[in-house]
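In what follows, a structure is listed as structure tokens, so that the remarks can point back to it.
The values are calculated or read from the model by the stated rules, or taken from the named source; none is laboratory data. Fair warning: this is a prediction, and the values are worked out from it, not measured in the lab. Virtual Cβ from ideal backbone geometry, glycine too; neighbours counted across all protein chains shown.
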């Protein structure tokens, strides 16, 4: 199969869909890989590295999109990339369609087969392609909070770890999944006082057992959230409903009870954010202030540490890329229900119920949508 790896064009996105090592594994299996010029620059991988691994270098994205049967990216395609997609061509990337109606509509109109990393599942019920970036974003969230709590950056002037005779920062984590648990872990290691709110008792019990009295856990409810916001120096939004819009856990009215200069880090912003006042920002312009509260809502946080995040992501995605290329996209999706759970759009239809609900559009069963096509070229 001919696989294309374009250079990411989202603002300050330095990751790349495939590393040279991943390209080498695919080439060894007989697949052809075309990589756009300088696509790996952000992780320190040169075009020569990709050539040595067996790739062909494309001078421009247009030629790459025109040739490739499978496009492997990191972030969702922007407008000019969407315009290059064609019917039956497969796209494998993070998509986050529920909060982005325009992106979803244009993917539907393209007729492409759009597989979202964030909804691919594992036999254990996890989200194996979302987990590595959630781990990194959760860990970064506390670094970000520490930075913006500094007074020159608009914060309260609080040191996460505190000092002799001075209390540490109080960190509130909303969500007990991969993002939340990693945020809590880093905050505790830095010496913060950490409270976590979650919907389910089991993960809270597990984390409480791991961290003991250093982590305070509570079942999430609007009244509890509001109460805990009042004493927080920083709040990490880590709520997730796979494939769907993130629940709005904090209203604007709740901000009135927070300390001025407190920091919100909304890691859920890819799925619309879990604060009513959240809107996507970029690494170039990462924060804004509403009612005295600093909001950090960068939609591609792991893009700031591209080498770490690209290699972590490739470790998870490469087996699925091999399966798509080896069996052919349609056949792989038909045979692997966990990969098929990643299918969000197929041949002009929305094939993920949470996305259809968020967009107010019709839903088509994935197998039915796949049946409108014939199996793609084989290796």
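A few notes on this one:
- Test: residue in the stretch 239-248 that is outside any loop (DSSP other than H, G, I, E, B) and either closer than 14 Å to residue 185 by Cα or under 25 Å from the mean Cα position of the chain (by Cα) (or both): no
- Residue in the stretch 289-310 that is assigned to a strand (DSSP E or B), exposed (fewer than 15 other Cβ atoms within 10 Å of the Cβ), at pLDDT 95 or above and out of contact with any helix residue (DSSP H, G or I) (no Cβ under 6 Å at 6 or more places or on another chain) present: yes
- Among (1) under 28 Å from residue 341 (Cβ atoms); (2) touching a residue at least 24 places away in the same chain (Cβ under 8 Å); (3) assigned by TED's automatic domain parsing to the domain that holds residue 233, the one test that residue 149 misses: (1)
- Positions within the stretch 182-206 being crowded, with 17+ Cβ neighbours inside 10 Å, out of contact with any strand residue (DSSP E or B) (no Cβ under 6 Å at 6 or more places or on another chain) and closer than 19 Å to residue 170 by Cβ, in sequence order: 182, 185, 186, 190, 198
- Residue match in the stretch 312-323 (condition: assigned by TED's automatic domain parsing to the domain that holds residue 70, within 24 Å of residue 8 (Cβ to Cβ), over 16 Å from the mean Cα position of the chain (by Cα) and crowded, with 21+ Cβ neighbours inside 10 Å): yes
- Residue satisfying all of: in the stretch 96-109; in contact with a helix residue (DSSP H, G or I) (Cβ under 6 Å, 6 or more places away or on another chain) and in a helix (DSSP H, G or I); surrounded by the fewest Cβ atoms within 10 Å (Cβ to Cβ) among these: 101
- Residue check for residue 15: more than 21 Å from residue 325 (Cα to Cα) and crowded, with 21+ Cβ neighbours inside 10 Å: yes
- Filter result for the condition that a residue is out of contact with any strand residue (DSSP E or B) (no Cβ under 8 Å at 6 or more places or on another chain) and either crowded, with 22+ Cβ neighbours inside 10 Å or farther than 27 Å from residue 315 by Cβ (or both), over 138, 126, 157, 175: 157
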